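What follows is a single structure, written as structure tokens, with notes after it.
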Amino acid sequence: MIKNILYKSTRGQKTSFTSSQAIIQGLAEDGGLFVPDEIPKIEEELHLIKNFSYKEMAYFVMSKFLTDFTEEELKGCIEKAYGEKFDTLEIAPLKKVGHTYFLELFHGPTLAFKDMALSILPYLMKTAKEKEKIESEIVILTATSGDTGKAALEGFSEVNGVKIIVFFPEEGVSEIQKMQMRTHKGSNTYVVGINGNFDDAQAGVKEIFADNEFAAKLKQSNYIFSSANSINIGRLIPQIVYYFHAYAELFRKGEIKWGENINVTVPTGNFGNILAAYYAKNMGLPIDKLICASNSNKVLFDFLTTGKYDKNRDFVTTISPSMDILISSNLERLLYELAGKDSLKTKELMEDLKTKGSYELDRDMKTGLLDFIGGYAGEKATKESIKEVFKSYKYLMDTHTAVAYSVYKDNKVNNRKNIIISTASPYKFTASVMRAIDSKYNEVDDFKLLNKMGELLKSSVPVQIKDIELAPILHKGVCGKHEIKAMVKKILFD
């Protein structure tokens, strides 16, 4: 019998919520993130998943967390989400390259791993809205470091009863990412660049969620806010699925014995993807080490090696822009677990981060970090990894996956099989990838390099971005980092 899982805030709000309520609300009223009251255990059922398809795996994992959804409701959401939008039957193929394995999560409509969760979130939200008998229009408000924005726009376009507003750093994404968002069609979609970085965008969005006066004005106009990035528990839970899928794939390919421990290496900025792996491990999936790969914005590396989180440092714009983050929102969910689900302790640490820009774990909490290994790769190491892997195996990584590969090479801590989470197609970062391979591409722009990359890979440019430079720009808005709330008001009320 499936245990009923409820959700509560990491910061102590007393009320418990169903998964439907948590998904619709997005962020808790006290500013905390929703977390399950317990992580469901599956050790006794693990053997059942050996031959599951991706859709079957999705139901197996998600049904443990979304316990107020009926079997029919959840399977309906899964069926609609994981179908023709993906260009492979496996949804997430596992490729062996040299002595490691790449889990390719970029075969969806926007060529990035965010599709794995954002293909299903609109269906979960629509079902939750019906379950809760909510008549208000939902306003999805989200900040993106590049990939979440387009995936969310794709998922929520023309969904009845929903508007979506995306903020992204105007100078902090690749040209392909920017064009994907700026050219997006959809009568209910709004895209705004900000003169700032991702942390500025995320801070502005969180500030709006915490504004009770604004919330009251929304309610009067029959609007409610929600979120589409991984602060929403409905975005995070679907990400747990692909770790189970990858493990079963390793077994089916004869690479491991059933029950054998593996390692996973995850490129991360906002800590959502690797937190999903942490949840999978705590559910009972045989994962040994969680290798957390950072780029030059190595705040997570420093945290995992010292137990101190300190955002008081220079922000670096890199060739792996989706990881250019100094405030990793999902880390709050890990703090809550490390503190023994002590919401007061979690709130205290987050207050320290807000007021001082840093916090430090106590000795007991630091012990909980032993599941993790932190590593980072600078620009030179990232580029060298792209070139090395392509030269050796004719396999082309994007700049984020290359960070993970570089960190994996430096952290071969045991003889366990390792899975690298490949988060985006190299076609999304053509300039950086092609220039890493050969300096002759240094003066060629992103869009011309799409065809050059196709020639190199002996494949067609993905239809999702073919001729994207010719598409009309439909979203031209730009605002200052302190003007996000004013822009939202203008969109909703002018």
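The values are calculated or read from the model by the stated rules, or taken from the named source; none is laboratory data. Every value quoted in this text rests on a predicted model; they were computed, and no experiment measured them. With ideal geometry, Cβ positions are generated from the backbone for all residues, glycine too; neighbour counts draw on all protein chains shown.
Across the stretch 139-177, what is the total count of residues that are in a helix (DSSP H, G or I), buried (at least 24 other Cβ atoms within 10 Å of the Cβ) and not aliphatic (A, V, I, L, M)?
Final tally of qualifying residues: 7.
Within the stretch 443-450, is even one residue under 19 Å from Pro109 (Cβ atoms) and assigned to a helix (DSSP H, G or I)? Spell out the reasoning first.
Within the stretch 443-450, the first condition is being under 19 Å from Pro109 (Cβ atoms), and the residues that meet it are 450.
Those left that are additionally assigned to a helix (DSSP H, G or I): 450.
Yes, because at least one residue in the stretch 443-450 is under 19 Å from Pro109 (Cβ atoms) and assigned to a helix (DSSP H, G or I).
Please work out which residue is nearest to Gln202 (Cα to Cα), limiting yourself to the stretch 300-330 and to residues that are touching a strand residue (DSSP E or B) at 6+ places or on another chain (Cβ under 7 Å) and of a type in the set (A, V, I, L, M).
Among residues in the stretch 300-330 that are touching a strand residue (DSSP E or B) at 6+ places or on another chain (Cβ under 7 Å) and of a type in the set (A, V, I, L, M), the one nearest to Gln202 (Cα to Cα) is Met323.
With respect to Tyr242, is the statement that it is under 30 Å from Lys383 (Cβ atoms) and of a type in the set (Ser, Thr, Tyr) true?
Values: under 30 Å from Lys383 (Cβ atoms): yes; of a type in the set (Ser, Thr, Tyr): yes.
Judged against the criteria, Tyr242 is a match.
If you go through the stretch 467-489 one residue at a time, do you hit one that is without any contact (Cβ under 8 Å) to a residue 40 or more places away in the chain, under 26 Å from Pro109 (Cα atoms) and surrounded by fewer than 13 Cβ atoms within 10 Å (Cβ to Cβ)?
Yes: one or more hits.
Please verify whether Ser392 is out of contact with any His (no Cβ under 8 Å at 6 or more places or on another chain), modelled with pLDDT of 95 or more and under 30 Å from Gly340 (Cβ atoms), treating the condition exactly as stated. Steps first, please.
Values: out of contact with any His (no Cβ under 8 Å at 6 or more places or on another chain): yes; modelled with pLDDT of 95 or more: yes; under 30 Å from Gly340 (Cβ atoms): no.
Here the answer is no, as Ser392 does not meet what is asked.
Per-residue answers, yes or no, for (1) over 19 Å from Thr399 (Cα atoms); (2) among the aliphatic types (A, V, I, L, M); (3) out of contact with any Gly (no Cβ under 6 Å at 6 or more places or on another chain):
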{"position": "Thr100", "(1), (2), (3)": "no, no, yes"}
{"position": "Leu124", "(1), (2), (3)": "yes, yes, no"}
{"position": "Glu135", "(1), (2), (3)": "yes, no, yes"}
{"position": "Thr144", "(1), (2), (3)": "no, no, yes"}
{"position": "Ala151", "(1), (2), (3)": "no, yes, yes"}
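Looking at the stretch 401-438, which of its residues are under 24 Å from Ile465 (Cα atoms) and among the small types (Gly, Ala, Ser)? Give the derivation first.
Narrowing the stretch 401-438 to residues under 24 Å from Ile465 (Cα atoms): 401-403, 421-438.
Residues satisfying the conditions are Ala402, Ser422, Ala424, Ser425, Ala431, Ser432, Ala436.
Please return the ranges of helices (runs of 4 or more DSSP H) entirely within the stretch 313-377 where 3 or more residues are buried (at least 21 other Cβ atoms within 10 Å of the Cβ).
Numbers: elements: 331-338, 343-356, 363-367.
Fully inside the stretch 313-377 and qualifying: 331-338, 343-356.
Please count how many residues of the stretch 37-55 are buried (at least 21 other Cβ atoms within 10 Å of the Cβ) and not aromatic (Phe, Trp, Tyr). Can you show your working first?
Going through the stretch 37-55, the residues buried (at least 21 other Cβ atoms within 10 Å of the Cβ) turn out to be 54.
Now restrict to residues that are not aromatic (Phe, Trp, Tyr): none.
The total comes to 0.
Any residue at all in the stretch 280-291 that's part of a helix (DSSP H, G or I), surrounded by fewer than 24 Cβ atoms within 10 Å (Cβ to Cβ) and either among the small types (Gly, Ala, Ser) or out of contact with any strand residue (DSSP E or B) (no Cβ under 7 Å at 6 or more places or on another chain) (or both)? If you could, list the steps in order and put the result at the bottom.
Let us first name the residues in the stretch 280-291 that are part of a helix (DSSP H, G or I), namely 280-283.
Next, from what is left, pick out any that are surrounded by fewer than 24 Cβ atoms within 10 Å (Cβ to Cβ): 281-283.
So of that shortlist, the ones also either among the small types (Gly, Ala, Ser) or out of contact with any strand residue (DSSP E or B) (no Cβ under 7 Å at 6 or more places or on another chain) (or both) come out as 282-283.
Scanning the stretch 280-291 turns up at least one residue that is part of a helix (DSSP H, G or I), surrounded by fewer than 24 Cβ atoms within 10 Å (Cβ to Cβ) and either among the small types (Gly, Ala, Ser) or out of contact with any strand residue (DSSP E or B) (no Cβ under 7 Å at 6 or more places or on another chain) (or both).
Collect the residues in the stretch 17-51 that are in a helix (DSSP H, G or I), at pLDDT 95 or above and over 24 Å from Tyr242 (Cα atoms), keeping them in residue-number order.
Answer for the stretch 17-51, where residues must be in a helix (DSSP H, G or I), at pLDDT 95 or above and over 24 Å from Tyr242 (Cα atoms): just Gln21.
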